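The values are calculated or read from the model by the stated rules, or taken from the named source; none is laboratory data. Everything numeric here is computed off the predicted structure, so don't read it as measured data. All Cβ positions, glycine included, derive from the backbone under ideal geometry; neighbour counts span all protein chains shown.
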Amino acid sequence: MFETLVDVVVSRWVWVLVGNAGTVVCAVTGIVLHWSTPLSLADYGAVQLACLACQALALYPVVVPGRTATPQDVTRYAGIHESLTLTTVCGTLLLAVFPGLMLLIFLGGDVDEPPWGAVLFSATSLILACIAGLFAGALVSDKVRARRRAAGAHGGDDGDDGTEGDADTGGIDAD
């Protein structure tokens, strides 16, 4: 049982899941801490940095895929990161931010009150951190994949596993 637990903890998708969950926790913590107090730019910066740190944790499997990782593994890790990060940002927007703002509108709160600032600042922090994570994931995965190809990692070509098709015929890497 201990070996199974170790395999799950060191699994690459767990890093992505924990990083994205941490991003949501940081944003919710920002809302809770600043619900009744006015926000300052330093408070917003702290929430933004915490969200970015969690996204960096989620990006870890793409940046460091492992010594035996093939270009297909890097593509798979980047795909896991992309799908979980998009799910995090879209799910949070649809299930928390928009309903929360509608509730604040329904309750008739003044837009200058701290709850509005807390919701908007934390939501903005989460969204910007996820967008930065997505951009960084796309850029880093291309560089790591190219480094794996240049190093001659086994499984060299990206299109030979039968799952990605022949999108690379024009000289542009479209994975």
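Taking residues in region 64-77 that are over 11 Å from residue 142 (Cα atoms), and partners anywhere that are among the aliphatic types (A, V, I, L, M) and assigned to a helix (DSSP H, G or I), the pairs with Cβ atoms closer than 7 Å and at least 6 places apart or on different chains are 65/74; 65/144; 77/62.
Evaluate region 104-113: report whether one residue or more is in contact with a Pro (Cβ under 8 Å, 6 or more places away or on another chain) and touching a residue at least 12 places away in the same chain (Cβ under 8 Å). Scanning region 104-113, I find at least one residue that is in contact with a Pro (Cβ under 8 Å, 6 or more places away or on another chain) and touching a residue at least 12 places away in the same chain (Cβ under 8 Å), so the answer is yes. Examine region 47-68 for a residue that is surrounded by 13 or more Cβ atoms within 10 Å (Cβ to Cβ), at pLDDT below 90, over 18 Å from the mean Cα position of the chain (by Cα) and part of a helix (DSSP H, G or I), and state whether such a residue exists. No, the conditions are met nowhere in region 47-68. Scanning region 91-124 for residues that are among the small types (Gly, Ala, Ser) and assigned to a helix (DSSP H, G or I) turns up 91, 96, 100, 117, 118, 122, 123.
Residue 101 falls short on exactly one of the conditions (1) within 16 Å of residue 18 (Cα to Cα); (2) free of Cβ contacts under 8 Å to residues at least 40 places away in the same chain, and that condition is (1).
Which ones in region 69-90 are part of a helix (DSSP H, G or I), crowded, with 16+ Cβ neighbours inside 10 Å and of a type in the set (S, T, N, Q)? Quick ask: steps written out before the conclusion?
First pass over region 69-90, keeping only residues part of a helix (DSSP H, G or I): 71-90.
The next check asks that each one be crowded, with 16+ Cβ neighbours inside 10 Å; those that pass are 71-78, 80-82, 84-85, 88-89.
Across region 69-90, the qualifying residues are 72, 75, 85, 88.
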